[in-house]
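Each reported figure results from applying straightforward, stated rules to the coordinates on display, with no laboratory input. Quantities reported herein were computed from a predicted structural model and do not represent experimental measurements. Every residue, glycine among them, receives a Cβ derived from its backbone with ideal geometry; neighbour counts consider all protein chains shown.
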Amino acid sequence: MLRVLDASGFSARGFSSAEAFLDDKTANEASCVVLDINLDGMSGIELRRWLAKSGYPLPVIFVTAMEDETIEREARSSGCVAYLHKPFGRAQLIGAVREAVS
């Protein structure tokens, strides 16, 4: 994903976990966050809720390989811009990011 975003003109950074993202002092400068639902430690949905509760209104795009309607409803109710099922196309990702940063 990072290469696709970089090649499309976006400046993208990757983090090994939600906790690594939160520990990074420059993470709050992001224009949007692309999060996997299923992360080690804090889940993507938990991170989205933490960001909202803590006053960081970053737009979030969730990505997942799971087909679970309950989790999808939970993710969407957390306020995501897009919910992409893997495998998704480059155009879907770029379109979601463009919507998130506009």
Once every DSSP H run of n ≥ 4 in the chain is given -39500 (n - 2.57) and the sum is divided by its residues, what mean residue ellipticity at 222 nm do you get, rounded to the nearest 500 deg cm²/dmol? -11500 deg cm²/dmol
Across region 61-69, in residue order, what do the Karplus-derived ³J(HN,Hα) couplings come to in whole Hz, using 6.51 cos²θ - 1.76 cosθ + 1.60 with θ = phi - 60° and x for Gly and Pro? 10, 8, 10, 7, 9, 7, 10, 9, 4
Charges on Cβ only, +1 for Lys and Arg, -1 for Asp and Glu, centred on the Cα centroid of the chain; of T64, V4, A75, which one is farthest towards the dipole's positive end? V4
Listed by chain and number, the residues whose amide H is under 5 Å from that of N38, excluding neighbours fewer than 5 places away on the same chain and using placed H, are G44
Each residue of region 74-90 in order: what ³J(HN,Hα) in whole Hz does its phi give by Karplus 6.51 cos²θ - 1.76 cosθ + 1.60, θ = phi - 60°, with x for Gly and Pro? 4, 5, 5, 6, 6, x, 7, 6, 8, 9, 9, 8, 6, x, 10, x, 4
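Quick one: dipole size for the chain, taken about the Cα centre, charges +1 on Lys/Arg Cβ and -1 on Asp/Glu Cβ, in debye to the nearest 20.
Here the size comes out at about 340 debye.
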